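Here the structure comes first, spelled out in structure tokens, and everything after it is commentary.
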């Protein structure tokens, strides 16, 4: 996949990124967007939407022209480093150190960004463990030596002093003093710093809680807060980040900085919706809310649609008016209008005020076709029909999700699907992708599940559940509402102590950024198909698939027939849906035939749609033949008509291949002919027939639903 | 590529600043230098443009055309022009001659000429006559090479009511370009031209009575070569035939040699002297085998009684002849070699060793003295008056009364005295050292005086303060008799062809001992002094 697939509008010369950073990807200057108060840009999108890829693009293309630091918050390396010395290191300090290192390595316009303030803070923290022996502390302090600024403006100010001071610190090993180590370090640091250095440290750490303008007190408090752990440590870490941002700001506002630098520096946080990401983003938001502005463009990724729960007041749902952050998607055009809402008390207002949500763009159909065409290994001339079938299948399954498109494109690149019935969505998912030494390759569906589910479990998923998380979701692929999901979960986790409720799973899915659909528990059509396919293959001969459907059928059959069901109208209809999925169309026809007389036409049509949506897996597909009346069906005319109608609707609703014109022509006629029956509400049926006809003409699903909206 | 340039030179303020500084550092000097080298011509001064390495154009603001010697006089002209600038009755007179000479001698000559022009302007502007004269300097380049541009400019000035150019003077060389310039100025543009120092017969209107003029509007104030030769021969008219010998160059098509030979061949009294000694030179500046001829001629002359040798030849041959004659041992005999006005340039061909030879080694005066006709000499009037008085005393036995002294001598004498006084007083400001000896100052002064007279005369007769060009041209023939111009080099009375009638020449000798030009006597082209009141007699055109 080309790195910037689908990001044209974002990475444009006048796109959002260029305006935020003040530089185009070619290095041209652009007028800066916003400022001096900047929002934290959250790139919001579910799995497989290219958030990390976008950050890589920004890093790769724009990182040549402005200083950028790229941190993958999902990497374990920071945690591992921090755990070596948990008393004097934490994950955020390690990340800050890495950020400072990356800014220090900048060699473009203006040269390296010096970070003396952060150094002072990190040195104080490194020396703060009261229990450790001196040698350990000295090595901890010296670990940060590489952050000591070299060259540049600091040459005469802190560098020489720093060198001498490092020597003295090293000398402390030989002569352990009576005073606490941190005092010695800070005394030495401040004593050896020049007037400018002192003033700058005073301006920074003098502001620390309880410092009263004395940098030494501030650094002491910072270190002791860090040692206290918990919330106090978070405050200290937040302050260290502020020190780093002040360093960066200072590099830009000095005369030399103004002359020699252009644009804004950027901090790119990938996988920032975990605890580490929040610990980095939160202090930035809080500081900026309090008026500590800086020009660091923080771009973080988030999977949750609203950017993350920590942005909002606890208990308050996302989306109340004053909380709602500015949300923008590239297809909206123009640039997002962001400004911090006036008023509000810092600390009491939700953090969402300082956030700009940028929704990751889905690929348009054109972009999808171009991408699949690009991946095509050998173009078969004159076989446009097959290619169109593949393209429309990819579009149905992916819904524009870039990872989906690319994986499916790769899988089908070498295949032609010449047979008219061969190119169903299931066949697409079965296509194999060769990877590495595996000559056979793996079905693309498995690869996709690995990418989308296995590799990025929800953050809050208990570790003991991780093993069968995918299994749970597979079972849930047949569920519609939380109720039937709950039945399945109870059955599937019957032998376990720790169970996950369906409601919890719904929350976890939302945290992972999967969309919610009111009619399907798994709210994404592509993911649902992947999971269904997996469920069918979970046990031999689709036993798990049949078992789940049977379980649900039995559950609903046990209820009163007319018990209201939110999605299906009645419990009986819900049961019939699963019955149909198991494979018995006859019983369903009977049921519909029976209820045709007892229910109002409108209700009957709704039930028909709900039932007929049942997916067809693992059985020969005779739907077309039966829809067109080519199969032998016993019964009276109405029964036959209803049977045909059921199969025609099923073909249109369980859409796994492009619509057949014969079927779409027949369907409204069948429905209208049912109106000829004396008992029928002829008017309603005729009206419905026209509505359905219109929808089919536009190739839309008969029943609109969140997860099938993109079809058509 | 574009992005690379942008990122390298324009991405930050400091890069922009450096780029701008570097670009300025390159562009500004180029912008200053290049336009002068290419494209639009560089201006030397107002109205003067650089062309082919020379400053060509017309200027009246005191620009010295880069010639150090004329700096002071040009400055004085500029000041005088500025002084009169406020007056509304002003006519311009252009001084057209090469103003950037290469050699020092030429520069000094140029200075003399400009001094003469300035002094005449100075006098004219203080004579209570209107209009006032504005003098402008016009440089046509070396050898008048770029005269066309200057003539174009002069034409524009003649038409411009601001400049009112009414006459062009100068013209110190008889060259093809000079002729072209004069032809165009007079013929096409109808601008009055006064040639003050051109002697070529070609550059003159003939004084026959046909009435049609070759150069309508041309006036000249020195005799032509032919007239000079005639005057020179007249001066030596008292010699007996035996005392003279004619050495003549027979090279065909040389008018100068021919006219000299013809003038020198008139009959002389007394027994016949030695016959003419002819030789044939290969070219004007080519010696060929003439050296041998001259040696034999020298021997023959030595044998004769001749002590005055008329030499009808070019200066190059004159030099060699003089040297050979000096070499021939002849019992201490001394010769006077008489030649045309071309001999004035003899000095240019003589090395110090040559002078030594001519001077002789016996200490009793020079062996060879060269005599020739100069257009004027500052000692002419005093010496001539003394001679005249001596003659009168010899005739009448008593000193003549002051009132009897001839006006053709006293009037120029007065003029010259006036001029000298002006120079000594330095009332015209510093114009550099003035030497009258080479006659240039006097001649040019007389020329501008003549122009001024014509302009005043035209003005006095017509309505409106500034006369038209045609009016000025029409005044040339009027300048005689009552309206004669008493010049420092003699009376100037113009014939209908614009030639000065019977203008005396000063016969001078070049003494090898002093190398100075000494006055010998006056010669008259008509073989008699100018008539009283300088009325041009009929039959002179």
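The values are calculated or read from the model by the stated rules, or taken from the named source; none is laboratory data. What you see is a predicted model, and the numbers here were worked out from it, not measured in a lab. Glycine gets a Cβ as well: all are built from the backbone with ideal geometry, and neighbour counts include every protein chain shown.
Taking the criterion of being surrounded by 14 or more Cβ atoms within 10 Å (Cβ to Cβ) and part of a helix (DSSP H, G or I), the residues of the stretch B:80-93 that qualify are B:80, B:81, B:84. Considering each residue of the stretch A:4-20 in turn, at least one proves to be at positive phi and either touching a helix residue (DSSP H, G or I) at 6+ places or on another chain (Cβ under 6 Å) or not assigned by TED's automatic domain parsing to the domain that holds residue A:299 (or both). All conditions but one from (1) out of contact with any helix residue (DSSP H, G or I) (no Cβ under 8 Å at 6 or more places or on another chain); (2) in a helix (DSSP H, G or I); (3) closer than 25 Å to residue A:433 by Cα apply to residue A:456; the one that does not is (2).
Given the criteria at pLDDT 85 or above and either closer than 25 Å to residue A:536 by Cα or touching a strand residue (DSSP E or B) at 6+ places or on another chain (Cβ under 7 Å) (or both), does residue A:588 qualify? Yes, satisfied. Pull up the stretch A:66-85, narrow it to residues that are in contact with a helix residue (DSSP H, G or I) (Cβ under 8 Å, 6 or more places away or on another chain) and part of a loop (DSSP other than H, G, I, E, B), then point me to the one that is nearest to the other protein chains (Cβ to nearest Cβ). The selected residue is A:66. Within the stretch A:260-288, the only residue that satisfies the criterion of being out of contact with any strand residue (DSSP E or B) (no Cβ under 8 Å at 6 or more places or on another chain) and under 16 Å from residue A:32 (Cα atoms) is A:261.
A count restricted to the stretch A:55-65 and to residues that are within 14 Å of chain B (Cβ to nearest Cβ), surrounded by fewer than 18 Cβ atoms within 10 Å (Cβ to Cβ) and closer than 30 Å to residue A:455 by Cα stands at 0. Looking at the stretch A:246-263 only, could you name the residues that are surrounded by fewer than 24 Cβ atoms within 10 Å (Cβ to Cβ), closer than 18 Å to residue A:99 by Cα and either within 14 Å of chain B (Cβ to nearest Cβ) or within 28 Å of the chain's Cα centre (by Cα) (or both)? Passing the criteria: only A:252. Do we find a residue being closer than 30 Å to residue A:229 by Cα, under 19 Å from the mean Cα position of the chain (by Cα), part of a loop (DSSP other than H, G, I, E, B) and away from chain B (no Cβ under 14 Å) anywhere in the stretch A:45-54? Checking the stretch A:45-54: not a single residue is closer than 30 Å to residue A:229 by Cα, under 19 Å from the mean Cα position of the chain (by Cα), part of a loop (DSSP other than H, G, I, E, B) and away from chain B (no Cβ under 14 Å). Is it the case that some residue within the stretch A:98-107 is away from chain B (no Cβ under 14 Å), without any contact (Cβ under 8 Å) to a residue 40 or more places away in the chain, out of contact with any strand residue (DSSP E or B) (no Cβ under 7 Å at 6 or more places or on another chain) and under 29 Å from residue A:195 (Cα atoms)? Within the stretch A:98-107, one or more residues are away from chain B (no Cβ under 14 Å), without any contact (Cβ under 8 Å) to a residue 40 or more places away in the chain, out of contact with any strand residue (DSSP E or B) (no Cβ under 7 Å at 6 or more places or on another chain) and under 29 Å from residue A:195 (Cα atoms). Considering only residues in the stretch A:213-236 that are surrounded by 24 or more Cβ atoms within 10 Å (Cβ to Cβ) and under 25 Å from residue A:298 (Cα atoms), the one that is farthest from the other protein chains (Cβ to nearest Cβ) turns out to be A:226. Within the stretch B:243-258, if we keep just the residues that are in contact with a helix residue (DSSP H, G or I) (Cβ under 7 Å, 6 or more places away or on another chain) and in contact (Cβ under 8 Å) with a residue 60 or more places away in the chain, the residue that is farthest from residue B:312 (Cα to Cα) turns out to be B:245. Hey, does the stretch B:21-44 have a residue that's modelled with pLDDT of 90 or more, out of contact with any helix residue (DSSP H, G or I) (no Cβ under 8 Å at 6 or more places or on another chain), surrounded by 12 or more Cβ atoms within 10 Å (Cβ to Cβ) and within 14 Å of chain A (Cβ to nearest Cβ)? Within the stretch B:21-44, none of the residues are modelled with pLDDT of 90 or more, out of contact with any helix residue (DSSP H, G or I) (no Cβ under 8 Å at 6 or more places or on another chain), surrounded by 12 or more Cβ atoms within 10 Å (Cβ to Cβ) and within 14 Å of chain A (Cβ to nearest Cβ). Among the numbered conditions (1) within 14 Å of chain A (Cβ to nearest Cβ); (2) modelled with pLDDT under 90; (3) surrounded by fewer than 20 Cβ atoms within 10 Å (Cβ to Cβ), the only one that residue B:11 does not meet is (3). Candidates are the residues of the stretch A:1-44 that are closer than 30 Å to residue A:408 by Cα and surrounded by 23 or more Cβ atoms within 10 Å (Cβ to Cβ); the one that is nearest to the other protein chains (Cβ to nearest Cβ) is A:17.
Once the stretch B:101-127 is narrowed to residues that are touching a helix residue (DSSP H, G or I) at 6+ places or on another chain (Cβ under 7 Å) and assigned to a loop (DSSP other than H, G, I, E, B), the residue that is surrounded by the fewest Cβ atoms within 10 Å (Cβ to Cβ) is B:101. Here residue A:145 meets each of (1) under 27 Å from residue A:230 (Cβ atoms); (2) surrounded by fewer than 24 Cβ atoms within 10 Å (Cβ to Cβ) with one exception, condition (1).
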